[in-house]
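Asker: Structure in C-alpha cells, see below.
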Amino acid sequence: MFRTTLVNLSTDATQASPDFGPRSLGTQSRDEVRALLEQFRLLNAADNAKADPEIILETRRQKHLVRTGQNRLHLYDPRDALAPALVLSVDEIIAELDGTAAAARTRAPFVAPAAAVDEGTTPVRLPPPRTALRSSHRLALGLMAACSAGYLVFALGFADPDSPADEFQLLADEPSSERARTELSGVYMTGPNPGAHGVALASDGNIKLFQNNDDGAPSLIRDTYRVGKLGTQLAVRGTSTNVTLRFEGTALLTTGGETYHRLP
C-alpha cells in the first residue's frame, strides 16, 4: 500500500492546474497507483508545463516523487537533490516503490558465483558499495549546479546577445507589472519535437525555461522574472539568468534568435 499525495492535479490525474494545490488520496493499492500513474503519463503537455504537477508516493521507509513529460514518467528521490531522475514505466516505478527492483539490483553482485566457490566452503559476501561523495562533496556539487544555470542558458540556446541590460527598463509601478504578468502568463514553445525550446511564465513571477529531449526528462531551468520594456516592446527578464523575452502582443515572444508561439 502507498500513501499518495497529488500536487496541482485532479484526483484522477487527468487534469493539472495550480488551483488544485496539494491533496491527499490516503492509502492506495498497487492497482490504484498503477492506474493513476498511467493517466498522469498522458497528461496534456500545456497543462503540465503551466501547473508543474507531481505525485508523491510514500511507503513506511521511502518517499518518491513522480513527474511527467512527453508521455514519460520521471521518478525522483526528494531526499537527494543531486540524484538524476529515472525515466521508468509504470510497472518499473511500482517495483522501485515496493522494493523488488532494489532487491534484484543488489542480490547478485554481493554473492560470489557458485562456480567460483570450492566445495565445502561458504560463499563470500562482499560489502555493498559505498558512495564516494561525502556531505562536503555534495555541498560543493550543489553550489556548482547553482552556478551552472548561467551556462545552461547559453548551452540550451535561451540567451539573447542583442539585449544589453541597460536597455531593459522596469515598468514604473507594481499594478502595471501585475497586469502584464497576468496577460503574459502561459506556455510558449518553438515546436513540439525533441530539441524544441519552451518557456512557461506564471502570473506569480516564476519562469521555467525547458528543452524537450529525445529521451529522458526535459532540461529545465527555474527562475523568477521582472516585467519591463525594450524600447516600445513589452519584455520580461530573468532575475538570475538574465534571459530576456521580447513580446509581440501576447501570442508571440522571441529570445535567442528563436520565435515562440503561445500554446492554447
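The values are calculated or read from the model by the stated rules, or taken from the named source; none is laboratory data. Computed from a predicted structure; not experimentally measured. As a convention, Cβ positions derive from the backbone with ideal geometry for all residues, glycine included, and neighbour counts pool all protein chains shown. The protein model used for the area step is the full one, side chains on, heavy atoms only, and it has no ligands, DNA or RNA in it. Shrake-Rupley method; radii C 1.70, N 1.55, O 1.52, S 1.80 Å.
Asker: Can you divide the C-alpha Rg of region 194-264 by 2.2 N^0.38 Å and report the result to two decimal places? Walk me through the intermediate numbers first.
Answerer: Working: Rg = 12.3 Å, N = 71, 2.2 N^0.38 = 11.1 Å.
Taking N as the residue count of region 194-264, the ratio is 1.10.
Asker: Please list the non-local residues whose amide H lies under 5 Å from the amide H of Val243, H modeled 1.01 Å from N, same-chain partners needing a gap of 5 or more.
Answerer: Those lying under 5 Å, H to H, from Val243 are Gly238.
Asker: Let me ask something else about it. Please check which bits of region 26-70 a label hung off Asp98 would reach, taking the label as a point 7 Å along Cα-to-C-beta and the cut-off as backbone N under 16 Å.
Answerer: Those under the cut-off are 28-38, 58-62.
Asker: Through the Karplus equation 6.51 cos²θ - 1.76 cosθ + 1.60, θ set to phi - 60°, convert the phi angles of region 219-234 into ³J(HN,Hα) values in whole Hz; use x for Gly and Pro.
Answerer: 6, 9, 10, 9, 7, 10, 9, 10, 9, x, 9, 10, x, 9, 8, 5
Asker: Percent of Cα-Cα pairs per 10 Å bin, from 0 to the last occupied bin, for region 1-105, please list those.
Answerer: Whole-percent P(r) values from 0 Å outward: 16, 52, 29, 3, 0.
Asker: How much accessible area per residue does region 177-227 have, counting only protein heavy atoms and a probe of 1.4 Å, in square angstrom? Working shown, then result.
Answerer: On the way: 2180 Å² over 51 residues.
In whole numbers, region 177-227 has 43 Å² accessible per residue.
Asker: Of the listed peptides 192-201, 174-183, what is their order by residue-averaged count of other C-beta atoms within 10 Å, with the highest listed first? Mind dumping the intermediate values first?
Answerer: Numbers: 192-201: 17.1, 174-183: 13.9.
Per-residue Cβ counts within 10 Å, averaged per peptide and sorted highest first, yield 192-201, 174-183.
Asker: Another question, then. Provide the per-residue ³J(HN,Hα) series for region 169-176, in order, calculated from phi with Karplus coefficients 6.51, -1.76, 1.60 and θ = phi - 60°, each as a whole number of Hz, with x at glycine and proline positions.
Answerer: 10, 5, 4, 5, 9, 5, x, 5
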